[in-house]
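Some notes on the structure that comes next.
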Amino acid sequence: MLDLPLAQPPWSGLGKRLESMVRKALFEFQMVSDSPKIAIALSGGKDSLALLFLLKAISGRGFPPFELFAVHVHGAFSCGAGVNLDYLRAICTRLEIPFLMRESTQTLESLECYGCSRERRRLLFEAAKSVGATTIAFGHHRDDSAQTLLMNLLHKAEFAANLPKLHMREYGVTIIRPLIYVAEKEISTFAEQHGFKRITCRCPVGQNSMRRQVDQLLTQLEELFPNARENIAKAGLLYGSDKAKNP
C-alpha cells in the first residue's frame with residue numbers, strides 16, 4: 001500500500017503564502033487567461049509535485065477552471081530517475097488528473113545536459129499536444145531563475161533570466177512558470193510538511209553540472225549579500241524579462 005501525500009487547502013501559513021505567490025504570477029503574467037488545458041511537467045521531485053498540488057487547488061477558485069494533465073518523462077537517466085511510477089500515477093488518480101508517460105532514450109554513453117533537455121522537452125510537448133494542451137507548466141522557481149541569469153550573464157554577456165511565460169512558435173506551445181516568485185527553501189519546507197520531499201535525481205552528469213556549480217556560487221555570495229538570490233531573480237524579472245510582460 002503506497003503512502004501517498006496529498007497537499008490541499010486548508011493550508012498552513014506557508015501553504016497560504018505559496019498559493020498567494022502562484023496566484024500573483026498567474027495573474028501578473030496572464031499565464032492561464034487563454035489556457036483551458038494545462039500540462040504539468042511532472043518529474044516527481046518536490047518542485048513539480050508542489051506545482052501539481054497548488055495548481056489543482058487554484059483551478060476554479062478565483063480563476064476559471066482549467067483542465068490539468070501530468071506528463072512524466074521516464075528513463076534511466078532522465079531528471080527524476082528512480083521515481084516510482086505507481087506512486088506518481090496514484091497521486092494523480094487521487095487528484096483526478098490524467099497521467100501521461102513518455103520514455104527517454106538517453107544512455108550513459110550519450111548523456112549530456114543539452115541533448116537530454118531537448119529530448120525531454122520534445123517528449124513533453126508532444127504528449128501535451130496529444131491531449132490538446134498547448135500550455136505546459138514547469139516547476140522552475142525563483143532560485144532557478146537566479147541561476148539562469150548568472151549563467152547567461154557570465155557565459156554570453158546576456159542579462160536574461162527565466163521568462164515567466166514563453167511562447168515557443170517552433171513547437172506550437174507556451175511554457176509557463178507559476179513558481180517564479182517562490183524560493184526553493186520554501187518549496188522544500190512545504191514538501192517536508194506534506195510528506196513529498198524525496199531526493200530523486202540520479203543523473204551522473206547533473207551532480208556536477210554548471211547549474212549545480214552556479215548554485216554553489218550563489219551560496220557563497222549569500223555569505224556577503226544575504227539577499228543575493230532574491231535580488232538577482234528580481235532584477236531578472238524587472239530588467240531581463242520584458243518579453244514576458246508583453247508576449
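The values are calculated or read from the model by the stated rules, or taken from the named source; none is laboratory data. Predicted model only: the values in this text are computed from it and were never measured. All Cβ positions, even for glycine, are placed from backbone atoms using ideal geometry, and neighbour counts span all protein chains on display. The accessibility values were calculated without ligands, DNA or RNA, using every heavy atom of the protein model including side chains. Shrake-Rupley method; radii C 1.70, N 1.55, O 1.52, S 1.80 Å.
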I need the full set of residues from the stretch 22-33 which are in contact (Cβ under 8 Å) with a residue 24 or more places away in the chain and in a loop (DSSP other than H, G, I, E, B), in order please.
Phe29, Gln30, Met31, Val32
Per-region count, the stretch 164-196, residues under 21 Å from Leu218 (Cβ atoms) and assigned to a loop (DSSP other than H, G, I, E, B)
7
Determine which member of the set Glu170, Glu184 is open to solvent by 40 Å² or more (accessible area, probe 1.4 Å) and within 21 Å of Ile38 (Cα to Cα).
Glu170
Criterion violated by Ala191 - all others in (1) surrounded by fewer than 19 Cβ atoms within 10 Å (Cβ to Cβ); (2) within 15 Å of the chain's Cα centre (by Cα); (3) modelled with pLDDT of 75 or more satisfied:
(1)
Residue under question is Leu95, and the condition is that it be touching a Ser or Thr at 6+ places or on another chain (Cβ under 7 Å), within 13 Å of Leu52 (Cβ to Cβ) and modelled with pLDDT of 75 or more; does it hold?
no
Being open to solvent by 70 Å² or more (accessible area, probe 1.4 Å), free of Cβ contacts under 8 Å to residues at least 60 places away in the same chain and of a type in the set (Phe, Trp, Tyr) is the requirement here; does Phe99 meet it?
no
Give me the pairs, please: first residue somewhere in the stretch 1-21 and closer than 16 Å to Gly62 by Cα, second residue anywhere and assigned to a loop (DSSP other than H, G, I, E, B), beta-carbon distance under 7 Å, and either six or more positions apart or on two chains.
Leu18/Val182; Glu19/Trp11; Met21/Tyr181; Met21/Val182
Unmet criterion (only one of (1) open to solvent by less than 60 Å² (accessible area, probe 1.4 Å); (2) modelled with pLDDT of 95 or more) for Gly60:
(2)
Scan of the stretch 133-167 for residues that are aromatic (Phe, Trp, Tyr) and either open to solvent by 40 Å² or more (accessible area, probe 1.4 Å) or over 19 Å from Lys185 (Cα atoms) (or both), ordered by number
Phe159
Top-ranked residue in the stretch 34-46 [being outside any strand (DSSP E or B) and over 10 Å from Phe66 (Cβ atoms); ranked as most open to solvent (accessible area, probe 1.4 Å)]
Asp34
Quick count over the stretch 222-247, residues being surrounded by 17 or more Cβ atoms within 10 Å (Cβ to Cβ), at pLDDT 95 or above and more than 18 Å from the chain's Cα centre (by Cα), is 2
Counted residues, the stretch 197-212 - those being at pLDDT below 75 and not in a loop (DSSP other than H, G, I, E, B):
3
It is to be established whether one or more residues within the stretch 64-83 are open to solvent by less than 50 Å² (accessible area, probe 1.4 Å), of a type in the set (S, T, N, Q), part of a loop (DSSP other than H, G, I, E, B) and modelled with pLDDT under 85.
yes
